[in-house]
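For reference, the structure is listed below as structure tokens.
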Amino acid sequence: MTGRSPDDPFLGERAEGVLDDGSYEATARVVDAGSDADERTVEAALRPRRLAEFPGQPRVRDQLSLVLEAARRRDAVPDHILLSGPPGLGKTTLAMIVAAELERPIRVTSGPAIQHAGDLAAILSSLAEGEVLFLDEIHRMARAAEEMLYLAMEDFRVDVIVGKGPGATAIPLELPPFTVVGATTRSGLLPAPLRDRFGFTGHLDYYNAVDLAAILTRSARLLAVEATDDGLAEIAGRSRGTPRIANRLLRRVRDYAQVHGQGVVDRAAAQAALELFDVDGLGLDRLDRGVLEALCKRFGGGPVGLSTLAVAVGEEADTVETVAEPYLVREGFLVRTPRGRAASALAWEHLGLTPPSGTSAPTLPLDDGEGRFG
């Protein structure tokens with residue numbers, strides 16, 4: 001099934017529906033921000049639609065603009081695009097923008113949803129010429145599907161196996177030219193043959209406070225929220241450099257201002273609301289502080305193993321490692337050593353605690369989590 005035109009009267013019926021091959025038409029999920037909608041739909045409505053509207057990431061934006069403009073001038077499909085970076089920085093938004101700039105439909109699916117080669121074959125065989133296929137979390141795709149994707153990306157062809165055993169035959173199926181946009185939070189897990197088939201690779205970095213404030217200004221306008229510059233700056237400073245978190249905090253501060261204030265998102269409302277939702281001045285939330293408090297108060301600053309630390313805060317080890325740890329390490333609160341995690345001097349200071357006498361917060365050696373020194 002190909003993507004539908006925005007004028008299709010049946011588009012609204014398919015907005016929340018899933019296609020037979022497990023993907024869905026993403027453009028149907030974007031709605032007016034002023035309508036009654038759930039959080040996920042509102043997030044979709046806040047996404048920029050064009051590269052010119054996309055704030056931050058100037059390097060990736062300029063590079064991607066060049067790739068797309070050159071393809072338009074050649075009247076050809078652009079090279080396959082790989083977007084990497086931490087969650088919430090705009091990889092999905094950029095994939096939507098690629099389709100909008102090319103004026104082509106977009107098909108959305110994810111790596112975990114493709115567990116068999118047949119799943120991918122069903123999606124590929126239904127693509128229209130020039131269509132954009134967005135594969136989120138592409139590094140989690142099954143190995144058999146990856147190998148099929150190699151051939152499809154390079155030669156626009158897949159081999160469909162008919163029959164089993166010695167009598168099985170491979171029937172080549174030609175595909176129309178299309179563009180794969182892959183997104184991954186862990187590009188190192190992509191096999192080299194797959195990574196090399198992307199003609200453009202863009203890495204998204206965390207945003208600075210100025211760019212986040214610009215994003216919040218736009219979001220406040222779309223949500224019809226009255227906000228002051230200092231209120232938005234307060235939210236931006238606690239958003240961990242991530243637009244997704246910034247927009248989520250804006251909606252919570254809006255709720256607080258409507259219930260307990262005058263309906264205006266100012267600095268006082270932002271501070272009171274974020275304190276209520278356990279987000280401190282540096283953007284640390286309940287889990288972040290729980291990890292630091294466990295390290296400092298229960299284990300004397302560490303080092304302590306990841307699994308032991310996770311039990312101490314009542315979370316899974318994967319949650320601590322993937323949700324809390326990246327930000328704590330990036331901001332210098334946590335140190336990863338060959339013997340485990342340890343609290344830095346900044347962590348003790350932030351919690352208002354004094355390190356035990358005769359000890360010092362570690363700074364080196366650091367490692368990459370695999371026992372190798374960085």
Dimensionless Rg ratio for the range 47-185, taking C-alpha atoms and the 2.2 N^0.38 Å reference = 1.12
Long-range amide H contacts for V108: which residues qualify at under 5 Å (H placed 1.01 Å from N, peptide plane, sequence gap of 5 or more or a different chain)?
-> Y24, A26, F134
Vicinal HN-Hα couplings computed from phi for the range 307-321 (Karplus, 6.51 cos²θ - 1.76 cosθ + 1.60; Hz; Gly/Pro x) | 5, 5, 5, 5, 4, 5, 9, x, 10, 6, 4, 4, 5, 4, 6
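Taking 8 Å as the Cα distance limit and 6 or more residues as the minimum spacing, I'd like the relative contact order of the range 286-350 as a percentage.
Details: 82 pairs, mean separation 23.7, N = 65.
In percent, rounded to a whole number, it is 36.
Residue separation times 0.36 nm, minus the C-alpha to C-alpha distance between A209 and D230: what's the value? Mind showing how you got there, number by number?
Working: separation 21, 0.36 × 21 = 7.56 nm, distance 1.19 nm.
So the chain would gain 6.4 nm between A209 and D230.
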In 10 Å bins starting at 0, how do the alpha-carbon pair distances of the range 120-264 split up by percent?
-> 10, 28, 19, 19, 15, 8, 2, 0
Loop-only check: which GluC sites (Glu not before Pro) in the range 209-318 are DSSP coil with at most 16 other Cβ within 10 angstrom?
-> E316
Extent along principal axes [Cα atoms of the range 188-319; Å; largest to smallest] = 49, 49, 20
Whole-Hz ³J(HN,Hα) from phi, Karplus 6.51 cos²θ - 1.76 cosθ + 1.60, for the range 136-151, glycine and proline x | 7, 6, 5, 5, 9, 6, 5, 4, 5, 5, 4, 5, 5, 5, 3, 5
Charges only on Cβ, +1 for Lys and Arg, -1 for Asp and Glu: so what's the dipole of the range 146-280 about the Cα centre, in debye to the nearest 20?
-> 220 debye
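For the range 209-276, what is the Kirkwood hydrodynamic radius in Å, using each pair of distinct C-alpha atoms? Spell out each step's value before the answer.
Working: mean 1/r = 0.0898 Å⁻¹.
Here the Kirkwood hydrodynamic radius works out to 11.1 Å.
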Whose amide H sits under 5 Å from the amide H of L334, counting only residues 5 or more places off or on another chain, with H placed in the peptide plane?
-> V329, S344
Given 25 °C and 0.890 mPa s, how large is the Stokes-Einstein diffusion coefficient of the range 286-350 in µm²/s, with Rh as the Kirkwood radius over Cα pairs?
-> 220 µm²/s
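Assuming R0 = 30 Å, can you tell me the calculated FRET efficiency for the pair A142 and A268, based on Cβ-Cβ distance, to the nearest 0.05? Provide the component values of the computation, followed by the final result.
On the way: r = 51 Å, r/R0 = 1.72.
My answer for the efficiency is 0.05.
Arranged from highest to lowest average of other beta-carbon atoms within 10 Å per residue, in what order do the peptides 302-314, 62-74 appear? Walk me through the numbers before you get to the answer.
Working: 302-314: 17.5, 62-74: 13.9.
The densest-packed peptide leads the list: 302-314, 62-74.
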Non-local amide H neighbours of R240 (under 5 Å, H modeled in plane, Pro and chain starts lacking H): which ones?
-> none
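Values in this text are rule-based calculations from the coordinates and carry no lab data. Just so it is clear, the model here is predicted, and its values are computed rather than measured. So basically every Cβ, Gly included, is an ideal-geometry build from the backbone, and we count neighbours across all protein chains shown.
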